[in-house]
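The values are calculated or read from the model by the stated rules, or taken from the named source; none is laboratory data. All of these numbers come straight from a predicted model, not from anything done at the bench. Quick reminder, even Gly has a Cβ in these numbers, built from the backbone with ideal geometry, and neighbours come from all protein chains shown.
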Ligand SMILES: C[S@@+](CC[C@H](N)C(=O)[O-])C[C@H]1O[C@@H](n2cnc3c(N)ncnc32)[C@H](O)[C@@H]1O
């Protein structure tokens with residue numbers, strides 16, 4: 001069972017310590033009403049969410065990325081014939097993104113006026129930001145541009161990044177930039193952004209890949225009726241792109 005709980009080689013206790021430290025630092029630098037999205041998975045999310053709450057963040061829900069991964073769904077190892085009708089754990093079909101907010105200063109409207117935070121940007125006048133987003137694994141053309149093993153797809157990340165600045169003002173920070181998908185999404189939308197990545201090779205690769213990722217036309221046709229974000233016009237955003245700031249740590 002232990003390997004299931006590994007997080008970049010860390011055990012559950014170390015993961016809690018890591019996220020407790022992250023939550024403390026994030027709380028210190030964020031303005032009131034700022035939102036934090038944390039991509040996780042159904043096995044580990046409690047290790048991430050607990051420390052965020054203990055440090056004073058409010059849980060504002062979870063965004064469900066509907067995506068089929070290869071995790072789970074197997075029959076018992078070395079006994080799959082004997083237990084042909086058994087699945088050891090569910091085949092994973094979703095990815096939770098914890099959504100947290102630093103408490104607002106006063107009412108949401110006061111906070112929006114003063115700090116430009118506190119809410120999430122609507123998809124359109126008719127459509128609020130919704131918490132179930134149909135997605136797909138990252139496309140091969142995106143992986144060819146940025147070969148990071150955990151690269152998230154632009155079609156999904158652009159929807160989340162757009163939502164996190166309710167008035168389109170402020171700075172998007174990704175302290176675990178990886179292949180640069182968040183920063184590329186911010187660039188494509190025209191948001192100011194800062195990316196931090198501890199691995200110098202990943203950092204250099206992301207910095208090189210971000211302009212090309214950001215210039216990709218949106219494939220966020222946003223299919224579905226559930227949480228449909230069909231109002232988004234990523235292609236329009238791309239042409240209006242401003243340069244994101246990528247900062248090595
Ligand atoms: C899951 S990946 C992020 C993938 C990214 N969302 C994308 O779509 O490409 C996490 C990244 O965080 C980096 N990382 C881990 N610990 C870090 C730390 N303390 N400071 C900065 N980056 C860190 C890892 O090197 C890894 O590239």
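Within the stretch 59-85, being surrounded by fewer than 13 Cβ atoms within 10 Å (Cβ to Cβ) and within 20 Å of residue 25 (Cβ to Cβ) holds for one residue alone: 59.
Is it true that some residue in the stretch 152-173 is at positive phi, more than 10 Å from the ligand (Cβ to nearest atom) and in contact with a strand residue (DSSP E or B) (Cβ under 8 Å, 6 or more places away or on another chain)?
Filtering the stretch 152-173 for residues at positive phi gives 168, 170.
Now restrict to residues that are more than 10 Å from the ligand (Cβ to nearest atom): 168, 170.
Still in the running and in contact with a strand residue (DSSP E or B) (Cβ under 8 Å, 6 or more places away or on another chain): 170.
Looking through the stretch 152-173, at least one residue is at positive phi, more than 10 Å from the ligand (Cβ to nearest atom) and in contact with a strand residue (DSSP E or B) (Cβ under 8 Å, 6 or more places away or on another chain).
Quick check on the stretch 199-225: of everything there that is outside any helix (DSSP H, G or I) and modelled with pLDDT of 95 or more, which residue is nearest to the ligand (Cβ to nearest atom)? Break it down into steps so the answer makes sense when it comes.
So in the stretch 199-225, the residues outside any helix (DSSP H, G or I) come out as 199, 216-225.
When the remaining residues are screened for being modelled with pLDDT of 95 or more, the result is 199, 216.
Numbers: 199: 4, 216: 14 Å.
So the residue we want is 199.
Considering 176, 129, the condition of being more than 16 Å from the ligand (Cβ to nearest atom), outside any helix (DSSP H, G or I) and either outside the structural domain of residue 215 (by TED's automatic domain parsing) or without any contact (Cβ under 8 Å) to a residue 60 or more places away in the chain (or both) is satisfied by 129 alone. Quick one: would you say residue 76 is part of a loop (DSSP other than H, G, I, E, B) and in contact with a strand residue (DSSP E or B) (Cβ under 7 Å, 6 or more places away or on another chain)? No, not satisfied.
Can you tell which of 238, 164, 249 is within 30 Å of residue 32 (Cβ to Cβ) and at pLDDT below 95? Answer to the selection: 249.
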